[in-house]
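**Student:** Okay, handing you the structure first.
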Amino acid sequence: MDKSDRRRRPFAFDKMEGLVREMKDEETGVRVKSQKLFLTSIPSAFAGYNIIEWLMDRLTVDETEAVHIANMLCQYGYFFPVNDSKTLTLKDDSSLYRFQIPYYWPCSQKNPDNVEYAIYLSKRLLRNKQRHALEDYEMDSLNSLKKNLQNKWEFITMQAEEQVRLSKDRKKGEKIVTDSQERAFWRVHRPPPGCVSVMEQIPIKIGGSFSTKKKRSSEDLRREVELLRNCIGRTRVKTSVALDGLVSFGETYNEYDPLITGAQPSNPWVTDDPTFWTFNCPMVEAITEKRIKRWALSMEDLVSDATGLYEFTNYLRKEYSHENIRFWLAVNDLKRSCQSQILQRVREIYDEFLAPGAPCEINIDGKTMERTHKEMKVPSRFTFDGAAEHVYTLLLKKDCYPRFIRSEHYKNLLANGVQPSARRRFFGLVGGAANKKTDCKDRIRSTAGCPSTQGTSSSSVLQANQSSSCSSAKRRGSDRSLTSSPHELPINSVKVSQSHSQSNLSDIPYRGDLPCTPSSPSSNQDNLSGCVEECGEHQLPAMMTDDVCPWDVADGGGGGDKNKRSLPASIAEERERRLSTSSSRKNSGSAAYDSAASADESQSDSVASRLRRSCGLGGGSSMDRRRGSSAACTPQQTIDRPSVSSAEDFDLGPSPESRSPEKQQSTSPHEPAEATSSLDDKLNRKKLLKSLSLARKQSVTPVINVSSVDRDNGCDRISADAVDEMAAATTTVAEDVTSVDGTGPGSGGGQPPETVACCSGAEAATATATATASISDGNDVCPWEDE
Amino acid sequence: MKDCKSYSVAPPLADIALRNIWNLDMALDVNTRSETVELLSREADCLKHKLEEERKKLNDVTLANVAERLEEVTFLNIKPRRLLKGNQAKMLCCDWSPDKRHIVSSSQDGKLLIWDAFTSAKEQTVTMPTTWVMACAYSPSGNLVACGGLDNKVTVFNISNPEEDPSAKKKTVGTHTNFMSCCLFPNSDQQILTGSGDATAALWDVESGQMLQSFHGHTGDIMSIDLSPSEIGNTFISGSCDKMLLLWDMRTGQSVQSFEGHLSDINSVKYHPSGDAVASGSDDSTCRMYDLRADKEVAVYSKESILFGVNSIDFSVSGRILFGGYTDYTINAWDSLKCERVSLLYGHENRVTSIKLSPDGTALASASWDASLRVWA
């Protein structure tokens, strides 16, 4: 059966022939008759509009489609124009056409061979020059056939002469018809060069390929039987239930389907305005409301959006339960990594999430654990699938996700969601100053809001003006991190002394997050801490896995604290390497590189300052500040950094008591090293926490006050640095704003100054917060100062 | 050998008896073998029948009925927005870069072109030492493209650096025993999934070229594969010239679900964006949709006026619209729920070989034998 099937011509021919047969029906088909054209009578012909009308009637289609179908049939040679042997098109007018006889239908015989073609051509040569003269291309092919078929040429000419002789006996009208039919047949099968040939087939579908040769072995059958058995046992849902699901899916996502409901602000392909893409980059700060709403539709929608995943992780981190999502991401990553890394990754994941007392032990039931342990004996990319599924369905999907959607965090995001539709108005009325203003506000919000998410990439996007080249920037950027991480190293190590904070990327989020307790209402904080994390750590799972345990790293730095003074650069560099390699390893998450790579790539200064600012904000402000300044003066002091920062992790972190016992365990060994002299560190920590949160609440304090306070303190290193920090922060803000200014695609100019002011104000306010924090640190907390 | 032995041990009579037994043995062997094949195919038929019965049991409504409550898709204003003119060669496949604006295309003359579709600019050209490059795919990072065709191989190029010649960084990852008809990166730059004319699909490790898993079960050329859209999904589907659509578990290499119904070769398969249904397009000029949970065919998209085969299909973001690229140069847009055609897109001047929705669903790209790509929106 397979064989006969395979040999069969394409299915379409059955359908076409069925239709043409109906067409030729004497009663219900297209009327064929001798048509008078001026003085000549043309036998067996019909007009173009006849067939169009018939098709419209028969298939109930509109005129365009009827013309299209008729043209297809014409190209396949089921009928052909009487007066034009060159083109096979059908026009919806009174031009005349004639049916082909079934003998000449395209698939009724095998593809005609060259001998037949040669006979046909030589036959035409023998006949009336005027009516049967060969076209140039036909002449050419006749000549080449002559060469190729030399040994048969005698036979060919004989055949041709015979056929010419026979045709002489026929009636004139009949002769005209058959000649034209033969000619049309060859027009289809040997088209003039440059013409579309419908007879061409895909090479793979011509000769019965594999399937004709293959006989089904008993093994195939056994496999099939097994499949069928399993299929019968399958549990099915009622068709109505299943279909209802499909229909409601369609309803739900209707508004997210750009081809049905359009894109906000506009579809780039329609309007040539790529704003839509800017809003929908994998990582953005100004998240459109629609995008945020979509996260609430399903967990898949949330985690498949890089920004959504990032916010979700952020939220979970605040709840101290982000080990689940991190584990799940790590397992996904494992599945997608190359074979050579599997073993190592399995180990890493086990050590980090599953081993007893692991730094981020996940909570799965005994059965799953047992299964995983069994799987661990033969590590593969699917080793943790069971555990990951458990985590995903039971913990993330049923617990964390709904909580996230109900949380203040999400509600805040939603409230701050951007409405890009406003932009459409703007594009409609270019030059309308009033509109421009509101519009720009919008834009500022979006861009100033994201001075850093996209950090470098978004601003560069905007600068690129061609814009939306975020994507192309990505391609390049990511490439770099993929293929040439060594390139980054020199850049980074140069930077080390100046922007050591970048080498600290991995730690920052931890510090940065903790103070950002849900109680802190402003989204600024999110933004800022966001920016750091974006560049650094957890936009991507791979990076997370690398950075999971700041403690570990800290251990090295912290343990040796004083001894290792001479190593600062190397530590920092090592971090860099970790960062870059991790980003390169994470191939699948495109966004990863995006930021990481581009962050490395350029704008090192602004990144550095941004980072510094955000570190400051991040809560471990005093320490950072101090380090910042010290780094600025003496590279030597950079050393403190890793150690201290890790200390801060604990200091500012949830008070260890409140966390799981494992966590506490893991912290304890570090403690002596970290806070060498502070015996009362727990107390101090609490104090610090308090003071920080206090500072945070006061964050509204105007910029000037703080800096003046700082200045009062004068020689105090901390405050001096704070001032630095402030300056850096404000300059970056300024930068951001200007970059927005200059580059908003199309929008260009008029930025309402209030917004600039207000947003820089906001930045400043947060910076102030950090400054105050640092001050209070200085006054309140001194354990480090004692040192 | 047996003869010699028997001569030395036993008298001639016994030898004859022994020989008879030997012959009998042979006969039995052949018999049982053909019998098992026959038995198995009979069992398979029986099971198929039973399966159909099972499937019919829960069949209480039709999709068009359920979809009655929906409003019609009225304002579907899809037009050609970009025309990317290639060389003279037929375009056979195209794929979108994850950046939503670049497209890779492969053609009959072995050229792989990288386009910035937004500006209609040709950015890079890679020449393959083969003709009929029937499949090409972008990796999730946008750094790699994979392609293959009549050369039976899947080759990966690194195109991330536009200044460099991509063929310098070329890597042959896997080889089939017949043409390669389709390929995709399963959410990872490190793996490639391919379908081939040797009736198998295979998962390859890009770095080492190792075959991680092969998928046996089809009895005809595999023409198309598609990966489950779900984040945790480890499944993919394949459509073949044996008119079957199979659902595979990537972990075990086993097929777990199968659908039949088409009257001719399946040229294209696609997951519904919900992941709960799959669709197929075939040479029999129909598209069909199967629901995985109901385990049955739920819709046929056909029209009397459509005579030609479907070469490629894709869903819009909401799954509401099913696009099909046809041999008759057109693209039909179906309302997948109401099972009606909502739009007919003219523009190409030869058969449409491949259509792909852009990653964000804003546009549809189509490749055609008329040597051009078009972007519709």
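The values are calculated or read from the model by the stated rules, or taken from the named source; none is laboratory data. None of these values were measured; they are calculated from a predicted model. All Cβ positions, even for glycine, are placed from backbone atoms using ideal geometry, and neighbour counts span all protein chains on display. We work out accessible area using only protein heavy atoms, side chains counted, and drop any ligands, DNA or RNA first. Shrake-Rupley method; radii C 1.70, N 1.55, O 1.52, S 1.80 Å.
**Student:** I'd like the distance between the alpha-carbon centres of the stretch A:245-283 and the stretch B:199-261, rounded to an integer number of Å.
**Tutor:** When both Cα centres are located, 31 Å separates them.
**Student:** Please report the accessible area of residue B:216 (heavy atoms, 1.4 Å probe, ligands and nucleic acids excluded) in Å², nearest 10.
**Tutor:** Per-residue accessible area (residue B:216): approximately 90 Å².
**Student:** Something else now. Can you give me the long-range amide H partners of residue B:82? Hydrogens built in the peptide plane at 1.01 Å from N, cutoff under 5 Å, separation of 5 or more residues or another chain.
**Tutor:** Here B:375 satisfy the definition.
**Student:** The stretch B:88-154 to the stretch B:271-350: how many Å between their Cα centroids?
**Tutor:** Between the Cα centre of the stretch B:88-154 and that of the stretch B:271-350, the gap is 24 Å.
**Student:** Where does the charge balance sit around residue A:159 when Lys and Arg score +1, Asp and Glu -1, over other residues with C-beta under 12 Å from its C-beta?
**Tutor:** Overall, the nearby charge balance is -1.
**Student:** Which whole-Hz couplings ³J(HN,Hα) result when phi for each residue of the stretch B:342-348 is put into the Karplus expression 6.51 cos²θ - 1.76 cosθ + 1.60, θ = phi - 60°, listed in order with x for Gly and Pro?
**Tutor:** Here the 3J(HN,Hα) series is 10, 7, 10, 9, 9, x, 6 Hz.
**Student:** Shifting gears a bit: Keeping the other protein chains in place, figure out the carbon and sulfur percent of the accessible area of the stretch B:281-377, with a 1.4 Å probe.
**Tutor:** 41 percent
**Student:** Using a probe radius of 1.4 Å on heavy atoms only, what accessible surface per residue do you get for chain B? Whole Å² is fine.
**Tutor:** With the other protein chains kept in place, chain B gives 36 Å² per residue.
**Student:** Related question: Enumerate the amide H contacts of residue B:199 below 5 Å, restricted to partners 5 or more residues apart or on another chain; note that Pro and chain-start residues carry no placed amide H.
**Tutor:** Placed amide hydrogens put B:222 under 5 Å from residue B:199.
**Student:** With Cβ to Cβ distances under 12 Å as the rule, what net charge do the other residues near residue A:41 carry (K, R +1; D, E -1)?
**Tutor:** That works out to +3.
**Student:** Do any of B:90/B:243; A:377/B:171; B:100/B:270; A:15/A:172; A:374/A:397; A:397/B:356 go past 23 Å between their Cα atoms, and which?
**Tutor:** B:90/B:243; A:377/B:171; A:15/A:172; A:374/A:397; A:397/B:356
**Student:** Taking 0.36 nm per intervening residue step and subtracting the Cα-Cα distance, what contour gain separates residue A:408 from residue A:33 on full extension?
**Tutor:** 126.9 nm
**Student:** Then there is this: When the accessible area of each residue in the stretch B:300-331 is compared between its chain alone and the complete protein assembly (1.4 Å probe; ligands, DNA and RNA ignored), which residues differ by at least 50 Å², being lower in the assembly?
**Tutor:** B:304, B:305, B:307, B:308, B:317, B:318, B:329
**Student:** If amide H atoms are built 1.01 Å from N in the plane of the peptide, which residues on other chains or at least 5 residues away come under 5 Å of the amide H of residue B:296?
**Tutor:** B:291
**Student:** Along the stretch B:120-128, what does the Karplus equation 6.51 cos²θ - 1.76 cosθ + 1.60 (θ = phi - 60°) give for ³J(HN,Hα), rounded to whole Hz, x for Gly and Pro?
**Tutor:** 6, 9, 7, 9, 9, 10, 10, 9, 9
**Student:** Am I reading the A/B interface right? What is its buried accessible area, both sides, 1.4 Å probe, to the nearest 100 Å²?
**Tutor:** Summing both chains' loss of accessible area gives about 10400 Å².
**Student:** Here's another thing I want to ask about it. Please report, as a whole percent, how much of the solvent-accessible surface of the stretch A:9-91 comes from carbon and sulfur atoms (probe radius 1.4 Å).
**Tutor:** 51 percent
**Student:** Angle between the Cα long axis of helix B:12-57 and the longest principal axis of chain B, 0 to 90 degrees, nearest 10?
**Tutor:** 30 degrees
**Student:** So if R0 is 25 Å, what FRET efficiency would residue B:346 and residue A:101 give, r being the distance between their Cβ atoms, rounded to the nearest 0.05?
**Tutor:** Efficiency at R0 = 25 Å is approximately 0.25.
**Student:** For the stretch A:27-32, in order, what is each residue's ³J(HN,Hα) by Karplus, 6.51 cos²θ - 1.76 cosθ + 1.60 with θ = phi - 60°, in whole Hz (x at glycine and Pro)?
**Tutor:** Using θ = phi - 60°, the values come out as 7, 9, x, 7, 6, 10 Hz.
**Student:** Treat each spin label as a single point 7 Å out from the Cα along the C-beta direction, and report the residue A:161 to residue B:72 distance in nm.
**Tutor:** 6.9 nm
**Student:** Taking R0 as 25 Å, what FRET efficiency do you get between residue B:167 and residue B:85 from their Cβ-Cβ distance, rounded to the nearest 0.05?
**Tutor:** Approximately 0.65, to the nearest 0.05.
**Student:** What does the average come to when, for each residue of peptide A:398-410, you count the partner chain Cβ atoms lying within 10 Å of its Cβ?
**Tutor:** Per residue, the number of nearby Cβ atoms from other chains is 0 on average.
**Student:** Can you tell me the accessible area per residue over the stretch A:12-82, all protein chains present, probe 1.4 angstrom, in square angstrom?
**Tutor:** 49 Å²
**Student:** Given a Förster distance of 41 Å, report the FRET efficiency between residue A:271 and residue A:399 from their Cβ-Cβ distance, rounded to the nearest 0.05.
**Tutor:** 0.45
**Student:** Could you state the accessible area per residue of the stretch A:210-328 in Å², with a 1.4 Å probe and every protein chain left in place?
**Tutor:** I get 35 Å² per residue for the stretch A:210-328.
**Student:** Would you jot down the residues in the stretch A:263-312 that end up with at least 30 Å² less accessible area in the complete protein assembly than in the chain alone, with a 1.4 Å probe?
**Tutor:** A:269, A:270, A:272, A:277, A:300
**Student:** Work out, step by step, the length gained on full extension between residue A:134 and residue A:389: first 0.36 nm times the residue separation, then minus their alpha carbon distance; give nm to one decimal.
**Tutor:** 84.5 nm
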